[in-house]
1. With the condition kept exactly as written, say whether any residue in region A:55-70 is of a type in the set (Val, Ile, Thr), more than 11 Å from chain B (Cβ to nearest Cβ) and on the phi < 0 side of the Ramachandran plot.
2. I'd like to check which strands (runs of 3 or more DSSP E) are fully inside region B:16-85 and have at least 2 residues that are open to solvent by less than 20 Å² (accessible area, probe 1.4 Å).
3. Restricting the search to region A:1-18, which residues are open to solvent by less than 80 Å² (accessible area, probe 1.4 Å) and closer than 21 Å to B:Pro39 by Cα?
4. Just the residues that are closer than 15 Å to B:Gln37 by Cα, touching a residue at least 60 places away in the same chain (Cβ under 8 Å) and more than 14 Å from chain A (Cβ to nearest Cβ), please, taken from region B:53-107.
5. With the requirement that a residue be open to solvent by less than 20 Å² (accessible area, probe 1.4 Å) and either out of contact with any strand residue (DSSP E or B) (no Cβ under 7 Å at 6 or more places or on another chain) or away from every other protein chain (no Cβ under 14 Å) (or both), what does region A:74-109 give you?
6. Quick check on region B:17-35. Is at least one of its residues in contact with a Lys or Arg (Cβ under 7 Å, 6 or more places away or on another chain), closer than 23 Å to A:Gln2 by Cα, at the interface with chain A (Cβ under 9 Å from one of its Cβ atoms) and modelled with pLDDT of 95 or more?
7. Can you name the residue in region A:27-54 that is within 14 Å of chain B (Cβ to nearest Cβ) and of a type in the set (Ser, Thr, Tyr) and is also least open to solvent (accessible area, probe 1.4 Å) among such residues?
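The values are calculated or read from the model by the stated rules, or taken from the named source; none is laboratory data. Remember, it's a predicted structure, so these values are computed and weren't measured experimentally. Glycine also receives a Cβ, built like all others from the backbone with ideal geometry; neighbour counts cover every protein chain displayed. With ligands, DNA and RNA removed, areas are computed over all heavy atoms of the protein, side chains included. Shrake-Rupley method; radii C 1.70, N 1.55, O 1.52, S 1.80 Å.
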Amino acid sequence: GQQVMQIPQYQHVQEGEDFTTYCNSSTTLSNIQWYKQRPGGHPVFLIQLVKSGEVKKQKRLTFQFGEAKKNSSLHITATQTTDVGTYFCAGPMRNQGGKLIFGQGTELSVKP
Amino acid sequence: NAGVTQTPKFQVLKTGQSMTLQCAQDMNHNSMYWYRQDPGMGLRLIYYSASEGTTDKGEVPNGYNVSRLNKREFSLRLESAAPSQTSVYFCASSGRALFFGSGTQLSVL
């Protein structure tokens, strides 16, 4: 069946280092969404990418959608302790209306 | 403006007991969802409702039932809880993106 895979599962960085998480889908996606979940919290929507090759920035966060629309990445420049949490990508299930399928998430910890 | 409200926040059940998780949204969204979150598994869709009166199975529907009572409310019922249903449950509604409730931490002993 359709799968969305994320790597790495965990990433530990020193504050100020960069961080990247990768998302790969088994099928072409019409769009991809990214969510952040703080420890003990609920997922919060960050951004949606729709176009092939699209790049969007939110302050220190850079989101990319691959040319084939099967992969995506989130890059954080100069991490801060406020970036701690789990980052999820999600894409629409093929022929399933509005259902989203989530990647397993990348848990980021930042050492001050 | 509460967004998505879930109750209860915590629950402990014994194997075989039943319970209903309640969810309500005030954003006038048509679509609502129930997800479960387990360590290393991400968020897995249990059931989905595209509109009032319609429901559809997700990835892991076994052992659960749902009711879309009206546009605002979407409840999840465990008829006979099992230890494998120990998890964190999230309700969500969607416009362009998903808006999640604060979650229910359920333990089945």
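1. Scanning region A:55-70 turns up at least one residue that is of a type in the set (Val, Ile, Thr), more than 11 Å from chain B (Cβ to nearest Cβ) and on the phi < 0 side of the Ramachandran plot.
2. By residue number, B:19-25, B:31-38, B:42-49, B:74-78.
3. Answer for region A:1-18, where residues must be open to solvent by less than 80 Å² (accessible area, probe 1.4 Å) and closer than 21 Å to B:Pro39 by Cα: A:Gln2, A:Val4, A:Gln6, A:Pro8, A:Gln11, A:Val13.
4. Result: B:Pro83, B:Leu106, B:Ser107.
5. A:Leu74, A:Ile76, A:Thr79, A:Asp83, A:Leu108
6. Yes.
7. Quick first cut of region A:27-54, residues within 14 Å of chain B (Cβ to nearest Cβ) only: A:30-50.
Checking the rest, the ones that are also of a type in the set (Ser, Thr, Tyr) come to A:30, A:35.
Values: A:Ser30: 69, A:Tyr35: 0 Å².
Ranking the qualifying residues of region A:27-54, first place goes to A:Tyr35.
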